[in-house]
Amino acid sequence: MHDSGADTAPYVIGIESCTSLGTTLVIHLTGEIDHHSISPLRALLASAANGGYTGLVLDTARVTFCDSAFLAVLEWWPQRGRHLGWRTGPEPLHTS
């Protein structure tokens, strides 16, 4: 029997909620994000981009760890004129 390691992945990302505001997707993330756990978020964003979403707001206030896999997703999203914003706590939204 082959064990994919999915049950023993060191980090777990949670997508607490996902809301659509016109062409902007707002995603509230929780947990820890690394190259083992990024796949659900990457798939969601690829689907959103293919579906015509041009804006993305990530609420990372409840993310306790991230590595370069998350940064790669942040770098990928703004390509082709899409916009990125994020929230890391109670302060105002950051946008770029």
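The values are calculated or read from the model by the stated rules, or taken from the named source; none is laboratory data. Because the structure is predicted, anything quoted here is derived from the model rather than measured. Because the Cβ atoms are built from the backbone with ideal geometry, glycine has one as well, and the counts that use them run over all protein chains shown. With ligands, DNA and RNA removed, areas are computed over all heavy atoms of the protein, side chains included. Shrake-Rupley method; radii C 1.70, N 1.55, O 1.52, S 1.80 Å.
Taking the criterion of being more than 13 Å from residue 59 (Cα to Cα), modelled with pLDDT of 55 or more, hydroxyl-bearing (Ser, Thr, Tyr) and exposed (fewer than 14 other Cβ atoms within 10 Å of the Cβ), the only residue of the range 5-22 that qualifies is 20.
State which residue is nearest to residue 34 (Cα to Cα) when the search covers only the range 44-87 and only residues that are part of a helix (DSSP H, G or I) and aromatic (Phe, Trp, Tyr). Among them, the one singled out is 70.
Does residue 25 count as under 9 Å from the mean Cα position of the chain (by Cα) and either loosely packed, with under 13 Cβ neighbours inside 10 Å or under 15 Å from residue 78 (Cα atoms) (or both)?
Numbers: under 9 Å from the mean Cα position of the chain (by Cα): no; either loosely packed, with under 13 Cβ neighbours inside 10 Å or under 15 Å from residue 78 (Cα atoms) (or both): yes.
It is false that residue 25 is under 9 Å from the mean Cα position of the chain (by Cα) and either loosely packed, with under 13 Cβ neighbours inside 10 Å or under 15 Å from residue 78 (Cα atoms) (or both).
Scanning the range 44-90 for residues that are among the charged types (D, E, K, R) and more than 13 Å from the chain's Cα centre (by Cα) yields 80, 82.
Can you name every residue in the range 55-82 that is farther than 11 Å from residue 12 by Cα, open to solvent by 60 Å² or more (accessible area, probe 1.4 Å) and of a type in the set (S, T, N, Q)?
Restricting attention to the range 55-82, the residues satisfying the condition of being farther than 11 Å from residue 12 by Cα are 55-62, 67-82.
Applying the additional criterion that residues be open to solvent by 60 Å² or more (accessible area, probe 1.4 Å) yields 62, 68, 71, 75-76, 79-80.
Result: 68, 79.
Identify, please: which residue in the range 33-43 is crowded, with 17+ Cβ neighbours inside 10 Å and part of a loop (DSSP other than H, G, I, E, B) and is, among those, nearest to the chain's Cα centre (by Cα)? Taking the candidates together, the pick is 38. Suppose the filter is surrounded by fewer than 17 Cβ atoms within 10 Å (Cβ to Cβ) and hydrophobic (A, V, I, L, M, F, W, C); does residue 49 pass it? In short, no.
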